[in-house]
Amino acid sequence: MNSSNSGKYTRKVVVLCLLMLAILTVMVTRMAYLQLVVGEEVSENIQTTSTRKYDEVTSRGEIKDRNGVTLVADVACYTVIFDYYEWQKQGQNDVILRLCEMLKASNLEWTNELPITDEVPYSYTYASKESGSGLRLMRFLKSREWEEDIPASRLFALLCERYGVDEELTSEQKRMVIGVRYYLEIYEFSAYNSPLIFAPEVDIDTVATISALSGELPGVKIDIGATREYFTDYASHVLGRVAAISQSEYADKKDEGYALTDSIGKDGIEQAFESNLRGVDGVKEIVIDKLTGKIVDEHYSKQPDPGDNVTLTIDIGLQQVAEESLAETIENIKNGGNKGKGLDIEGGSVVVLSAKTGEILAMANYPTYSLITFSADFKENNSNTLKPFLNRAIAGLYAPGSTFKMVTALAALEESIVTPTYKMHTKGIYEFYAPSYTPACWYYNDYGLNHGDINVSQALAYSCNYFFYEVSRLMGIDKLNYYASILGLGQKTGIEISGEKAGNLAGPESRAQSGKTWYAAETIQAAIGQSEQQFTPLQIASYVATVVNGGTKYTPHLLKQITDYTNSQVVQEEKITVQQYEFSASSIKAIKEGMRGVVTEDGTASSVFKNFPIEVGGKTGSAQTTKGRSAHGVFVSFAPYDDPEIVVCVVGEYAGSGGSVAPICVDIYDHYFNLGLNTPEEPDAEQ
């Protein structure tokens, strides 16, 4: 190629490169413009809104009685919450103090988790370091590497320092501030968690005041919440309560969607059916215009699902009668109404059970407590030595006394130790183990007499110890306990609520657990409901129901059904669990006749049921207690006689005799059968 052509080619390459460079420059400039100028404008436009997510707490299901009467339900209320999105850490102590003083002036409560007294000298208020507020404090102290046994006054000072509390404040004001700051810290108040409830329930005047001051109270908002309301002051031990979830409960339940700020069923039905009553919380997303602060959109990313409604077997009208009659009867005995017997009476219990289904129609205790005023009464009730919080019906253990004799009678009849017509010649003093051991019948001890020649029905009617001493000796403890066991004595019934105790069936097996020997002579005391026999009122009612209905053993239960929150769909029906025993009809007939004799003619509770309009059966029991104390009074009854519908068991602690608490059954039958009766006469003395 010559030099002329070479120069032309070079010029073309240079021009082409310059052209490509110009195009590239334009492209880079355009891209920079789009990214740096337009992109920034677009980003600004996009970020003019923000989205916030809130857990939407759903309503808890209702608890109803068997007739559909609402006993417990959620009721809408105003709450004060702290919203972290708008919360300002600078000046938060001033906001907290202002709120606390505002609520205090209106006698309203706010959340206070710090277990230190409100006034000097400071001391701890927790009941235990292993649970509740005590456990939460121990974990807090450990996380701060503070001593577990730090004095309350020292902790107060450390918290004031930690939270930057103004030293010019009064001790009361400092306590308010550190209490709320501690609450925010232990429940991890942050953007990652739901707003915290500061005051669970406030009045409309407080709502108006806080709303008017919204600009001065950043992060403080009014929300619509729900409070658990009780529409009855009865059946507290059955219904149970709801309270803030504990740390240990949260650890167990967090995988099920529980938050540290949630409430949970603590006992009774509220606890037993927590998974049904609770429902499933939703998630609400709120889109806010950052320039105007207005909500431009809100929607549920997860719809809340309200809790199911639980219908119980309890009849609240019958429950009221049982509780009031129990309380009145105990107070009457205490004031000398039982001819001076049982003046040291303390507590008691009543169980009303369906003999046809095992449904619990009423379960009463004395003393009891109010769910409506639970918090206000807690300190007094918790220190009461008579234990109002104890559900005696399922956790009170009592020797049944002579109400156990139907077990002994059934075993003797079924094992052919006696026949229904066989008559035993009874003596006042039982001398088989003489001279070392000569127990006597109550009739001999009281009157120096014996019951003469009697059959098994008469032995029940007169509560003759001698008769049951002899048949149990002939039968032996193993056969006796076989029948007691299949009737459910000395074992849990399986009722849904927690706290039930199994009790104790006296005999070689239970005695061996303590490393001691059972002696044959002890069988005769076990046969009359003494020795180491320990049962709950519910167990006694259940066993009697099994006997009088002919051998059908139902599992006692409180659940009638569960429906969805609209009551349109049944989620779960009651489970009637049955075990059938083929007891001889003649054995059942003889026992029922004996129980009828107890309440008629000269039976041990005949005066209580004198001129009673329906035929019933019953059995009194006086269970010996510690030396110097009156006997426990136990009475069990069923009605109507020909076709038993209900069984009632009443226990009066140190009531003196079973007959003294029998009038409670009259009140219960009066309501159940709508009889309209007058007050019965005083009971006779009995065993």
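Can you give the extra length, in nm with one decimal, that the chain gains between Lys589 and Leu135 once fully stretched, where that is 0.36 nm per residue apart less the Cα-Cα distance? Don't skip to the end; give the middle numbers.
Details: separation 454, 0.36 × 454 = 163.44 nm, distance 5.77 nm.
Taking Lys589 through Leu135 to full extension adds about 157.7 nm, to one decimal.
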Report summary line: Dividing the surface of the Cα convex hull of region 430-533 by four yields a projected area in nm² of 8.5
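Dipole magnitude of the chain about its Cα centre, charges +1 at Lys/Arg Cβ and -1 at Asp/Glu Cβ only, in debye to the nearest 20?
Values: 59 positive and 90 negative charges, 402 e Å.
The calculation lands at about 1920 debye.
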**Report entry** Given [x] 1.17; [y] 1.21; [z] 0.99, the label whose value is Rg/Rh (Cα atoms, Kirkwood Rh) derived from this model
**Finding:** [y]
Query raised in the report: If you count, for each residue, the other Cβ atoms within 10 Å and average over each peptide, how do 110-117, 456-463, 632-639, 164-171 line up from highest to lowest?
Result: 632-639, 456-463, 110-117, 164-171
Report task. Go through 549-556, 139-146 and give me the packing order, highest mean Cβ count within 10 Å leading. Result -> 549-556, 139-146
Report summary line: Whole-Å distance linking the alpha carbon centroid of region 176-197 with that of region 525-592 is 49
Query - Charge tally in the Cβ shell below 12 Å around Val547, where Lys, Arg are +1 and Asp, Glu are -1, Val547 excluded - result: +4
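Around Val280, under 9 Å between beta carbons, what's the net of Lys plus Arg minus Asp minus Glu among the other residues? Don't jump to the answer; show the numbers that get you there.
On the way: positive: Arg278, Lys302; negative: Asp281, Asp305.
Here the count lands on 0.
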Report task. Please report the orientation-averaged projected area of region 577-663, defined via the convex hull of its C-alpha atoms, in nm². Result -> 7.2
Report task. Apply the Debye scattering formula to region 75-183, with a single equal point scatterer on each alpha-carbon and no solvent, then give log10 I(q)/I(0) at q = 0.17, 0.21 Å⁻¹. Result -> -0.89, -1.27
Query raised in the report: For the modelled label position 7 Å from the Cα of Thr517 along Cα-to-Cβ, which residues of region 422-444 have backbone nitrogen atoms closer than 20 Å?
Result: 433-438
**Report entry** Candidate lysines - alpha carbon under 24 Å from Lys284, same-chain residues fewer than 8 apart omitted
**Finding:** Lys53, Lys221, Lys253, Lys254, Lys294, Lys302
Requested in this report: Taking amide H positions as placed in the peptide plane 1.01 Å from N, state which residues far from Asp262 in sequence (5 or more) or on other chains have amide H under 5 Å from it.
Outcome: Ile245
Requested in this report: Mind jotting down the distance between the C-alpha centroids of region 214-268 and region 630-661, whole Å?
Outcome: 39
Requested in this report: Rounded to the nearest 500, what is the 222 nm mean residue ellipticity of the chain from helices alone, with -39500 (n - 2.57) per DSSP H run of 4+ residues and division by all residues?
Outcome: -10500 deg cm²/dmol
Query raised in the report: Arranged from highest to lowest average of other beta-carbon atoms within 10 Å per residue, in what order do the peptides 328-339, 296-307 appear?
Result: 328-339, 296-307
Query - Whole-percent pair-distance distribution, where bins are 5 Å wide, for the alpha carbons of region 286-428 - result: 2, 7, 9, 11, 13, 10, 9, 9, 7, 5, 5, 4, 3, 2, 2, 1, 1, 1, 1, 0, 0
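Rule-based calculations on the coordinates, nothing more; no lab input. Computed from a prediction, not measured in an experiment: that's the story for all the values here. Please note: Cβ atoms are built from the backbone with ideal geometry, for glycine as well, and neighbour counts cover all protein chains shown.
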